[in-house]
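S.K.: Mind having a look at this structure? Questions to follow.
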Amino acid sequence: MNKLNLYFNKFRQSPLPFILFIFIICRLILLLAAWFSGYFLPNPSYQHFVDQGWFLSPHFLIDIWSRWDAEWYLNIVNNGYYVIDDIQSTYSTVAFFPLFPLLVKVISLLVPKALLSQSMFLLIGLGVNNTLLVAALYFLYRFTDEFFHSEIFNKAIIVLFLAYPASFYFSCFYTESLFLFLSIFCLWAAKKGHWFRAAIFCGLLSITRPQGILMVLPIGILLLQSMQWKLKNFPRSAFWLLLIPVPLLLYLTYMQALTGDFFAPITAQAAWGKETSNFKINFIDIFLTPEASVYKIDAVLSFIFIGLSILSLFSLPSPAYGVFALLIILMPVISGTTVSMTRYIAVAFPAFIALVKAVKKEILIYSVAAIFFAIQIFYFVGWVNYYWLA
């Protein structure tokens, strides 16, 4: 009984109760928004899903978190990778990296076959992502505590992060939670000089999303800082970092055997217009059009968070954090398209830290969070109604 009380007291003193409270409140509000989404006009382009009443699962509480790219990840879980047509001109699973669907598949092996179904696979993925999100937020709190040493600012980061317009994606059948979790742990391990852990997390990031391999640059900066920029101080344990490219090389070798193209996952991005390099049209001229568009929000947030990422280069203890945020945002921006930018920005957590550090005043931070969350509710209602948002 004494041990139970001890564990309970430790739990109360940790940031977990606050994180869980804010997380649950935000998700309950989104569920309420989803419940009333039926009163809004659904996307007429997907009338067959509207008539059917669901997209990937007939279970409402599962289906509302499963849209668009979720179908491709679910396809990989069910059927693995396969190629039918030219991957440059036709949508295919090849464009989606394997760690998240592989994780879902492995966990599904623990479920009796009689219970396995499409909805069960989705449920497993949603459970994994929400668990990873809470874990990521816990370590984000600990991460920022070393910057602020302020419970008020640490809590503000959590609120701002969960309020961000694309934050609901962390609870969807997408890779956002896994990428965020691995990113925070990777930078945390590198900051502490745990190079083996940093190598493992970075290697896993490289097969989570295309931007994952770019983590080698922030890790490299943290390594050089730990060496005081002197080669003679190179720690022998840092040789573990040579393991980083192994998962990606194995994956690309598999893709070479499957498609004949070693860089097939990158080549396949062209089918989604990721090689459209007209920055002016997508980021400048878009504001000259009169119609309301989520792409305008994407563009505005891109400019704001690029600025915050640059700020984090100088305002955080290491420029490695700002480099990470910039790489995450600039890589899709370089493609010249605003598509999905709001979602990509969501994992650039150093930019959120820089925002809190710059604003400082609690009332202003929570005002920004309120605006963010209002947009998120609007986005989520559109998402449930089959509109493409991010």
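The values are calculated or read from the model by the stated rules, or taken from the named source; none is laboratory data. Because the structure is predicted, anything quoted here is derived from the model rather than measured. Glycine gets a Cβ as well: all are built from the backbone with ideal geometry, and neighbour counts include every protein chain shown.
S.K.: So in segment 249-270, with the set limited to residues that are out of contact with any Asp or Glu (no Cβ under 9 Å at 6 or more places or on another chain) and within 11 Å of Val83 (Cα to Cα), which one is surrounded by the most Cβ atoms within 10 Å (Cβ to Cβ)?
M.R.: Narrowing segment 249-270 to residues out of contact with any Asp or Glu (no Cβ under 9 Å at 6 or more places or on another chain): 249-254, 256-266, 270.
Adding the requirement that they be within 11 Å of Val83 (Cα to Cα) leaves 258-260, 264.
On the way: Leu258: 14, Thr259: 19, Gly260: 9, Ala264: 22.
Among those that are out of contact with any Asp or Glu (no Cβ under 9 Å at 6 or more places or on another chain) and within 11 Å of Val83 (Cα to Cα), it is Ala264.
S.K.: Against the definition (hydrophobic (A, V, I, L, M, F, W, C), under 18 Å from the mean Cα position of the chain (by Cα), surrounded by 16 or more Cβ atoms within 10 Å (Cβ to Cβ) and at negative phi), how does Ala156 come out, yes or no? Explain how you work it out, then say what you get.
M.R.: On the way: hydrophobic (A, V, I, L, M, F, W, C): yes; under 18 Å from the mean Cα position of the chain (by Cα): no; surrounded by 16 or more Cβ atoms within 10 Å (Cβ to Cβ): yes; at negative phi: yes.
So Ala156 fails the test.
S.K.: Does segment 141-163 include one or more residues that are closer than 14 Å to Ala320 by Cβ and aliphatic (A, V, I, L, M)?
M.R.: There is no residue in segment 141-163 that is closer than 14 Å to Ala320 by Cβ and aliphatic (A, V, I, L, M).
S.K.: Next question. Scan segment 36-66 residue by residue and report those that are under 20 Å from Ile375 (Cα atoms) and either touching a Leu at 6+ places or on another chain (Cβ under 7 Å) or modelled with pLDDT under 95 (or both).
M.R.: Just the residues of segment 36-66 that are under 20 Å from Ile375 (Cα atoms), to begin with: 36-43, 64-66.
Within segment 36-66, Phe36, Ser37, Gly38, Tyr39, Phe40, Leu41, Pro42, Asn43, Trp65, Ser66 meet the criteria.
S.K.: Filter segment 60-77 for residues that are in contact (Cβ under 8 Å) with a residue 60 or more places away in the chain and assigned to a helix (DSSP H, G or I); which is farthest from the chain's Cα centre (by Cα)?
M.R.: At the first step, the residues of segment 60-77 found to be in contact (Cβ under 8 Å) with a residue 60 or more places away in the chain are 62, 64-70, 73-74.
Now drop any that are not assigned to a helix (DSSP H, G or I), which leaves 62, 69-70, 73-74.
On the way: Ile62: 19, Asp69: 13, Ala70: 13, Tyr73: 15, Leu74: 17 Å.
Step by step, filter segment 60-77, then rank; the result is Ile62.
S.K.: Give the residue, chosen from Ser183, Ser206, Ser167, Ser177, that is modelled with pLDDT of 95 or more, closer than 18 Å to Leu316 by Cβ and not aliphatic (A, V, I, L, M). Spell out how you get there, then give the answer.
M.R.: Working: Ser206 fails: closer than 18 Å to Leu316 by Cβ; Ser167 fails: closer than 18 Å to Leu316 by Cβ; Ser177 fails: closer than 18 Å to Leu316 by Cβ.
Exactly one of Ser183, Ser206, Ser167, Ser177 is modelled with pLDDT of 95 or more, closer than 18 Å to Leu316 by Cβ and not aliphatic (A, V, I, L, M), namely Ser183.
S.K.: Looking at Leu242, is it part of a helix (DSSP H, G or I) and modelled with pLDDT under 95?
M.R.: On the way: part of a helix (DSSP H, G or I): yes; modelled with pLDDT under 95: no.
So Leu242 does not fit the description; no.
S.K.: From the list Asn282, Asn278, which one is modelled with pLDDT under 95 and either exposed (fewer than 14 other Cβ atoms within 10 Å of the Cβ) or at positive phi (or both)?
M.R.: The match here is Asn278.
Results for (1) in contact (Cβ under 8 Å) with a residue 40 or more places away in the chain; (2) within 16 Å of Thr144 (Cα to Cα); (3) out of contact with any Phe, Trp or Tyr (no Cβ under 8 Å at 6 or more places or on another chain), shown as yes or no for each residue.
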residue: Ala320; (1), (2), (3): yes, yes, yes
residue: Val333; (1), (2), (3): yes, no, no
residue: Val347; (1), (2), (3): yes, yes, no
residue: Val356; (1), (2), (3): yes, yes, no
residue: Val359; (1), (2), (3): no, yes, yes
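S.K.: Looking only at residues that are assigned to a helix (DSSP H, G or I) and among the aromatic types (Phe, Trp, Tyr) in segment 16-59, which one is surrounded by the most Cβ atoms within 10 Å (Cβ to Cβ)? Spell out the reasoning first.
M.R.: Looking only at segment 16-59, we keep the residues that are assigned to a helix (DSSP H, G or I), and these are 16-39, 44-52.
If we keep only those that are among the aromatic types (Phe, Trp, Tyr) as well, we get 18, 21, 23, 35-36, 39, 46, 49.
Details: Phe18: 16, Phe21: 11, Phe23: 19, Trp35: 12, Phe36: 10, Tyr39: 7, Tyr46: 16, Phe49: 17.
Here the residue is Phe23.
S.K.: Further question: What is the residue count in segment 129-147 for residues that are exposed (fewer than 15 other Cβ atoms within 10 Å of the Cβ) and among the acidic types (Asp, Glu)?
M.R.: Selection size over segment 129-147: 1.
S.K.: With Val94, Val83 as the choices, which residue is in contact with a helix residue (DSSP H, G or I) (Cβ under 6 Å, 6 or more places away or on another chain), surrounded by 21 or more Cβ atoms within 10 Å (Cβ to Cβ), hydrophobic (A, V, I, L, M, F, W, C) and closer than 26 Å to Tyr254 by Cβ? I'd like the intermediate steps shown before the answer.
M.R.: Values: Val83 fails: surrounded by 21 or more Cβ atoms within 10 Å (Cβ to Cβ).
The unique qualifying residue is Val94.
S.K.: A further question on this structure: Only one residue in Ile363, Ile375, Ile284 is under 21 Å from the mean Cα position of the chain (by Cα), aliphatic (A, V, I, L, M) and part of a helix (DSSP H, G or I), so which one is that?
M.R.: Working: Ile363 fails: under 21 Å from the mean Cα position of the chain (by Cα); Ile284 fails: under 21 Å from the mean Cα position of the chain (by Cα).
Among Ile363, Ile375, Ile284, only Ile375 is under 21 Å from the mean Cα position of the chain (by Cα), aliphatic (A, V, I, L, M) and part of a helix (DSSP H, G or I).
S.K.: Further question on the same structure: Could you identify the single residue in Val339, Val368 that is of a type in the set (Val, Ile, Thr) and either in contact with a Ser or Thr (Cβ under 7 Å, 6 or more places away or on another chain) or surrounded by 19 or more Cβ atoms within 10 Å (Cβ to Cβ) (or both)?
M.R.: Details: Val368 fails: either in contact with a Ser or Thr (Cβ under 7 Å, 6 or more places away or on another chain) or surrounded by 19 or more Cβ atoms within 10 Å (Cβ to Cβ) (or both).
So the residue among Val339, Val368 that is of a type in the set (Val, Ile, Thr) and either in contact with a Ser or Thr (Cβ under 7 Å, 6 or more places away or on another chain) or surrounded by 19 or more Cβ atoms within 10 Å (Cβ to Cβ) (or both) is Val339.
S.K.: Across segment 97-123, what is the total count of residues that are within 25 Å of the chain's Cα centre (by Cα) and either in contact (Cβ under 8 Å) with a residue 40 or more places away in the chain or surrounded by 14 or more Cβ atoms within 10 Å (Cβ to Cβ) (or both)?
M.R.: 17
S.K.: Among the numbered criteria (1) touching a Cys at 6+ places or on another chain (Cβ under 6 Å); (2) at pLDDT below 95, which one does Met215 miss?
M.R.: Among (1) touching a Cys at 6+ places or on another chain (Cβ under 6 Å); (2) at pLDDT below 95, the lone unmet condition for Met215 is (2).
S.K.: Filter segment 189-237 for residues that are under 19 Å from the mean Cα position of the chain (by Cα) and among the basic types (Lys, Arg) and give the result.
M.R.: Arg209, the sole residue that qualifies.
S.K.: Do the conditions hold for Leu126, that is, is it under 30 Å from Ala257 (Cα atoms) and either buried (at least 21 other Cβ atoms within 10 Å of the Cβ) or within 18 Å of the chain's Cα centre (by Cα) (or both)? Step through it out loud before you land on a result.
M.R.: Working: under 30 Å from Ala257 (Cα atoms): no; either buried (at least 21 other Cβ atoms within 10 Å of the Cβ) or within 18 Å of the chain's Cα centre (by Cα) (or both): yes.
So Leu126 fails the test.
S.K.: Would you say Tyr387 is in contact (Cβ under 8 Å) with a residue 12 or more places away in the chain, more than 19 Å from the chain's Cα centre (by Cα) and farther than 25 Å from Tyr46 by Cα? Break it down stepwise before answering.
M.R.: Values: in contact (Cβ under 8 Å) with a residue 12 or more places away in the chain: yes; more than 19 Å from the chain's Cα centre (by Cα): yes; farther than 25 Å from Tyr46 by Cα: no.
It is false that Tyr387 is in contact (Cβ under 8 Å) with a residue 12 or more places away in the chain, more than 19 Å from the chain's Cα centre (by Cα) and farther than 25 Å from Tyr46 by Cα.
S.K.: Would you list the helices (runs of 4 or more DSSP H) that sit entirely within segment 129-232 and hold 1 or more residues that are without any contact (Cβ under 8 Å) to a residue 12 or more places away in the chain? Let's see the steps before the verdict.
M.R.: Values: elements: 151-163, 176-192, 195-205, 216-226.
By residue number, 151-163, 176-192, 216-226.
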